[in-house]
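To start, the structure itself, in structure tokens.
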Amino acid sequence: MTTTLEATHEGEPTAYPPVETQPAPQEEVVIARSALPVGRARTIALMSLFLASTMELLDTTIVNVALPTIETGLRASAAQLQWMVAAYPLAFAVGLVTGSRLGDLFGRKRVFVFGLVGFTLMSAACGFAPNAETLVGFRALQGFAAAAMIPQVLSSLQVMYAPHERAKAMGLFTGLAGLSAVLGPVIGALLTEADLGGLGWRSIFLVNVPFGVLAILAALRWVPESIAAQRPRIDLGSVSVLAVGLLAILYPLTMGRELGWPVWVYAAMAAGFVVLGFFARSQVRSERAGREPLVALTLYRGRAFAAGSAMNSLLFMAMGSYFLCQTIYLQAGLGWSVLRAGLAGVPFALTTTVFAGLGVAVLAPKIGRTVLQIGAVTWAVGAVLIGISVHSADASTSLWSFLPGFIVAGAGFGLMVSPIGVFTLADVPVEKAGSASGLFSTTGQLAGAAGVAVVGSLFFSVVDAHASRVPAEMFRPGMEAALAVLVGLMVVAAVVARQLPATMSAPPEGAPTH
């Protein structure tokens, strides 16, 4: 199908050549409402979109390395520290589908700028938070703002680039995503240790403000406006039910250890699962009736999508909990400085970057899904090597003792994070590509929040059970338990990968590859 983009610039109509697109309702057929940028203008628009994406991705993990410093400065409890990490991805995941539809309805540029302004303001609010409770609340609001902002990035890339150019733009976005997530702790450590203006940990949030302002100004001037040709309704009732069900499970799971696991904790979690069951039933009914559901659960009938989503969830659950536990262990257990603990993530980040490119560009086309199995096993081996180092580590242990484990773990993560999206979306119909990629991203974010809650609770519970005057001895069992869970998750991921297509095929037009 040929879609002609009609644009206006300063009130004057401008004709653009027809763009060949696949027949995909809602997500893929768009109508430009402002002039499409070209040349340098398009590059600046792309930089604005990428800058916003980078800030969001960094904020997923940047707070981890500063947790001990925040704990001291705000006198935060262990549960509050977990929520400082989990509140952001949970809010982001809950709001992601709604954010995408807001862009379809009111214009991608408009919603992108709205989300970017909210993200920048909430970053400032986090930076000036007076206590732990308000910091958790502002982190959640920051996640909701990101949920309005990020879906518009991929949609805008579709509008700005012709089909034959999109692969390169999407590839840049995918590489940026993986690198930003693993560099978060490193940048967080540098900012915290630098103590710019005496701000300490607050600078990890306040640094977003000037970059956010730059991105806003560039977006207002150069990012084109577009809306979906067919615009689905926003089911606020379903959004509310989903949010209630998730919070009913994750809140008591996070707070249970600190409260002594009272009966209401288990009752709330059971109620949460019941609510999610009703939600799933309502979504299936909505889809059968021909209405657009909030979550297209029929996508899980495809073996590749179901297996890929499960594997992606295992990946994010492992990543979220791993960064949290490692950061606390290195600082509280071994007494490392914030900077030293942050720089420990550099080997992981570098090998992730190298092997992510190698995995998706070289290995996946040659050996298919085996690359994901190799990645899972490699990360598990890396976790075992780290565990061996942890078992004998004390306050005098250097980074070199952990280096082999960090390198191997980063290689495994890299081999998984880039190719997984391509395999997952292999059997998704073109008309459902947008819904599938949104659901794929949402489940990954939810899994990350769940990993922080579940494995974080296990980590702190084991630490509490091994009280000792020697920090290394007290935190060692907790870190070993977290690494054991990671190994288990990767073993399951390697098994699940067998359900994916044997060979890699191109994703549906317009679908992201991460």
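Just so you know, all these numbers are worked out from the coordinates, no wet-lab data involved. Computed from a predicted model, the values in this text were never measured in an experiment. Positions of Cβ are generated from backbone atoms using ideal geometry, with glycine treated the same way; all protein chains shown enter the neighbour counts.
Along the three principal axes, how long is segment 299-514 when you take its alpha carbons, biggest first, rounded to the nearest angstrom?
60, 30, 27
Consider just the alpha-carbon atoms of segment 37-229 and return their Rg together with their Dmax, both in angstrom.
16.7, 53
If I model a spin label as a point 7 Å beyond the Cα along the Cα-Cβ vector, how far apart are those points for PHE273 and ARG221 in nm?
Computed distance between label sites PHE273 and ARG221 equals 5.5 nm.
Of all chymotrypsin sites (Phe, Trp or Tyr not before Pro) in segment 100-150, which ones are in loop regions per DSSP and have a Cβ with at most 16 other Cβ atoms within 10 Å?
Those that pass, being in a loop and sparsely packed, are PHE128.
Given H placed 1.01 Å from N in the peptide plane, which residues other than close sequence neighbours of SER226 have an amide H under 5 Å from its amide H?
ARG33, ARG108, LYS109, ARG110
Please arrange LYS366, LYS109 by how many other C-beta atoms lie within 10 Å of their C-beta, fewest to most.
Exposure proxy ranking, most exposed first: LYS366, LYS109.
Give me the Debye-computed log₁₀ of I(q)/I(0) at q = 0.14, 0.19, 0.27 Å⁻¹ for segment 236-293, equal point scatterers on Cα only, no solvent, two decimals.
The calculated log intensity ratios at q = 0.14, 0.19, 0.27 Å⁻¹ are -0.44, -0.66, -0.98.
If I stretch the segment between SER77 and ARG40 completely, what's the gain in nm (0.36 nm per residue apart, minus their alpha carbon distance), one decimal?
8.4 nm
For the residues VAL244, VAL85, VAL470, what sequence is obtained by ranking on other C-beta atoms within 10 Å, fewest first?
Fewest to most other Cβ atoms nearby, the residues stand as VAL470, VAL244, VAL85.
Exactly which trypsin sites (Lys or Arg not before Pro) in segment 230-327 are in a DSSP loop and have at most 16 other Cβ atoms within 10 Å?
ARG233, ARG291
Ratio of segment 260-315's C-alpha Rg to 2.2 N^0.38 Å, to two decimals?
1.48
How large is Rg/Rh for segment 46-152, to two decimals, with Cα atoms and a Kirkwood Rh?
Using only Cα positions, Rg/Rh for segment 46-152 is 1.01.
In whole Å, what is the distance between the alpha-carbon centres of segment 334-373 and segment 133-150?
Using only Cα atoms to place each centre, the spacing works out to 28 Å.
Label points 7 Å out from Cα along the Cβ direction at ALA162 and TYR266: separation in nm?
Here the answer is 6.4 nm between the modelled labels.
Along Cα→Cβ, 7 Å out, is where each label goes; now give me the distance between the ones at VAL492 and PHE128 in nm to one decimal.
Spacing of the two 7 Å Cα→Cβ label points: 4.3 nm.
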